[in-house]
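The values are calculated or read from the model by the stated rules, or taken from the named source; none is laboratory data. These numbers come from a predicted model, not from an experiment. So basically every Cβ, Gly included, is an ideal-geometry build from the backbone, and we count neighbours across all protein chains shown. With ligands, DNA and RNA removed, areas are computed over all heavy atoms of the protein, side chains included. Shrake-Rupley method; radii C 1.70, N 1.55, O 1.52, S 1.80 Å.
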Amino acid sequence: MTRKMHKGDATPEPDSSEDERFLSDEWPSENGASIDITIVAASWDAPLIDNLKARGPAMLDLIAARLTLDPQRVSLLLCNDKDMCAINQTHRGVYKATNVLSFPADHEMQRAGDMPADEVTIGDIAIAAETVIRESNDAGIAAGDHLLHLFTHGVLHLLGYDHQEDSPAEEMEELEIELLAQMNIAN
């Protein structure tokens with residue numbers, strides 16, 4: 001069971017069950033994009049969540065404008081390293097934490113359930129808390145900037161960008177650098 005998240009509400013009530021360790025919300029953008037967010041409450045600090053809540057929807061708007069797309073809807077899980085290990089094992093056969101995983105949606109499957117078009121996501125992104133903090137500390141960058149970079153990276157994967165081969169990797173990296181610069185985040 002999930003409950004609606006309120007600004008600064010990053011921990012469940014003391015008498016809540018294990019099922020209520022998740023907070024959920026919807027973060028709309030000014031231009032109609034949206035992030036359906038689920039957070040493993042105990043793993044994420046409220047200021048970091050608030051930072052992404054302020055900048056994530058704006059980044060979706062920037063991506064849509066840059067790529068001349070309609071506003072996009074994304075499902076985002078802010079999990080912990082343990083949950084990320086399980087997700088990575090299930091979908092990639094690798095039992096280790098990673099910073100971000102993206103799963104593009106199968107729109108034919110989503111529409112089969114008569115889901116309204118404005119509720120269809122372009123896919124799911126998972127980001128692991130401890131890995132974000134560790135990587136940002138190691139690189140000497142703000143955790144909020146690193147989190148927004150990983151979110152941007154995940155969205156671009158959902159839109160078909162990849163970095164398995166040199167040329168597409170360069171294109172994806174250049175686009176990330178350009179988008180992040182518009183949010184005043186250095187490469």
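Summary table
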read-out: In segment 156-187, residue modelled with the lowest pLDDT [restricted to those that are aliphatic (A, V, I, L, M) and part of a loop (DSSP other than H, G, I, E, B)]; value: Ala186
read-out: Test result for Leu150, assigned to a helix (DSSP H, G or I), in contact with a Phe, Trp or Tyr (Cβ under 9 Å, 6 or more places away or on another chain) and not small (Gly, Ala, Ser); value: no
read-out: Of all residues in segment 32-57 being open to solvent by less than 40 Å² (accessible area, probe 1.4 Å) and assigned to a helix (DSSP H, G or I), the one that is modelled with the lowest pLDDT; value: Ala41
read-out: Any hit, segment 17-28, residues being assigned to a loop (DSSP other than H, G, I, E, B), surrounded by fewer than 16 Cβ atoms within 10 Å (Cβ to Cβ) and modelled with pLDDT under 95; value: yes
read-out: Check on Thr131, hydroxyl-bearing (Ser, Thr, Tyr), closer than 28 Å to Ala42 by Cβ and either at pLDDT below 95 or open to solvent by 10 Å² or more (accessible area, probe 1.4 Å) (or both); value: no
read-out: Search result, residues across segment 64-84 that are touching a helix residue (DSSP H, G or I) at 6+ places or on another chain (Cβ under 9 Å) and part of a strand (DSSP E or B); value: Arg73, Val74, Leu76, Leu77, Leu78, Cys79
